[in-house]
Amino acid sequence: MTGSGPPVPAPPWRQGPPPGMAGPPANGASGAPPPRRSDIPVPLSLRWANPAQLTPAHPLRPRWSIIDVVLAAVAFLVVPLIIGLALQLTLGPSVFSGGPGVFVSLLLTWAVLLGACLISSRTRGFGSLARDFGLRFRWMDVLTGLIASIGLRLLTAVVAVIVVLLTGANQPLQSNGDIFLAGSSTFWLIINAGIGATLISPLLEELFFRGLLLRAVQNQVWLGRWRRQPAPAGAATAPGPAGPPPAPGIRPERVRPATVKRPLVRASVVAALISAVVFGSAHLGQLDDPRSVLIQLVSVFCIGLVNAGLTLWFGRLGPAVLTHVWFNGTSILLALLLQGVGLAG
């Protein structure tokens, strides 16, 4: 790609910066938004990296990691359980019935996903969701998401048809989308399905699964700790820190220099697969029909894999979020059409 910005060298960065140079600040290190991909000529070998982690001297690695993802997963299981029990004891079991119950469940899920990303970014990263996880949008993301969602919709339909033909269609298939429609009035249908499932959930799920989780696994496989390179024979060794001076505007206790230990492409493929598997497993919900579970797992895995590819290719979450928005929106619309849900109430 061409552009007016300074070129970013291809790996390895193992040689470190030239003597006496720490390299210019990382993308966005001065507090300005990170540049677009089109503004910096990123070589193909680095295209799948987070742009904020690339500097001419060495790659950068935020301190948030897979540990943050594991802690978020524990919170995802524990926090809704504790708060749910507290609400039932104080307000009664009816708080989790119908539309209000779905809304409370959504709020607890959103709080965990957003809280994990905010805490990781503000305490162990660049301090910005845009720089840490690529939460940026462009107008072209709307069209990209529409095209990708159409392809995914066709793919999930093929998966469902194959599973039904192989197993037989004795019972109706189940879907997680049913919980947004069952027993809901028009108000809660708009809140839970129209706004929650179609707009807010896609944004926060992509921020967590294709932001924190994807980049954490990618960094874990791709980057290692910075190690001072051995000085040439006979050269004087100057005292100093084990790594280069931190770039201006970056706090070294949050973001550190790193060295490349494995190819970026391999790390990106592993990260995409793991994020897609976790994403699919998290969407099994309350399904108890084996055929529906299989269809849901395969379909959501494919969605997660495509969204991971979009995030890695474009270097931002916009295309993946819009793909998720379009897909969830059409899912709700199809569920309404197939079930004939009345909108009076």
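Given H placed on each backbone N at 1.01 Å, which residues far from ARG61 in sequence or on other chains put an amide H within less than 5 Å of it?
So ARG61 has HN proximity to ARG256, ALA258.
Mind putting a number on the dipole of the stretch 48-167 about its Cα centre? Charges go on the C-beta only, +1 for Lys and Arg and -1 for Asp and Glu, and I need it in Debye to the nearest 20.
On the way: 8 positive and 3 negative charges, 69 e Å.
Using only the charged Cβ atoms, the result is roughly 340 debye.
If you take the beta carbon distance between MET140 and LEU333 as r and set R0 to 30 Å, what does 1/(1 + (r/R0)^6) give as a FRET efficiency, to the nearest 0.05?
My answer for the efficiency is 0.80.
Ranked by accessible surface with a 1.4 Å probe, highest first, in what order do CYS302, CYS117 come?
Listed by decreasing accessible area, they come as CYS302, CYS117.
Is the shape of the stretch 56-157 best called rounded, prolate or oblate, per the rule: a/c under 1.5 gives rounded, else a/b larger than b/c gives prolate, else oblate, with a ≥ b ≥ c the square roots of the Cα gyration tensor eigenvalues?
Judged from the Cα gyration tensor, the stretch 56-157 comes out oblate (a/c at least 1.5, b/c at or above a/b).
Using the basic label-point model (7 angstrom from Cα toward the beta carbon), what is the ASP289 to VAL260 distance in nanometres?
If labels sit at ASP289 and VAL260, their model points lie 4.9 nm apart.
For a protection proxy built on the mean count of beta-carbon atoms within 10 angstrom, sort 101-110, 80-89, 65-74 highest first, please.
Packing order, densest peptide first, comes out as 101-110, 65-74, 80-89.
Peptides 48-57, 319-328: what's the order by average Cβ count within 10 Å, highest mean first?
Highest to lowest by the protection proxy: 319-328, 48-57.
In whole Hz, what ³J(HN,Hα) sequence does the stretch 191-207 give by Karplus (6.51, -1.76, 1.60; θ = phi - 60°), x for Gly and Pro?
5, 7, 8, x, 9, x, 6, 8, 10, 6, 4, x, 5, 6, 5, 5, 4
For LEU129, what charge total do you get from the other residues with a beta carbon under 10 Å from its beta carbon, if Lys and Arg give +1 and Asp and Glu give -1? Let's see the in-between values first.
On the way: positive: ARG122, ARG131, ARG136; negative: ASP132.
Charge balance near LEU129 sits at +2.
Mind ordering 147-157, 130-140 by average Cβ neighbours within 10 Å, highest first?
Descending mean neighbour count gives 130-140, 147-157.
The values are calculated or read from the model by the stated rules, or taken from the named source; none is laboratory data. Only a predicted model underlies this, so the values are computations on that prediction, with no experimental measurement involved. Every residue, glycine as well, gets a Cβ built from its backbone with ideal geometry; the counts of neighbours run over all protein chains shown. Each accessible area value is taken on the protein alone, full model and side chains, heavy atoms only, with ligands, DNA and RNA left out. Shrake-Rupley method; radii C 1.70, N 1.55, O 1.52, S 1.80 Å.
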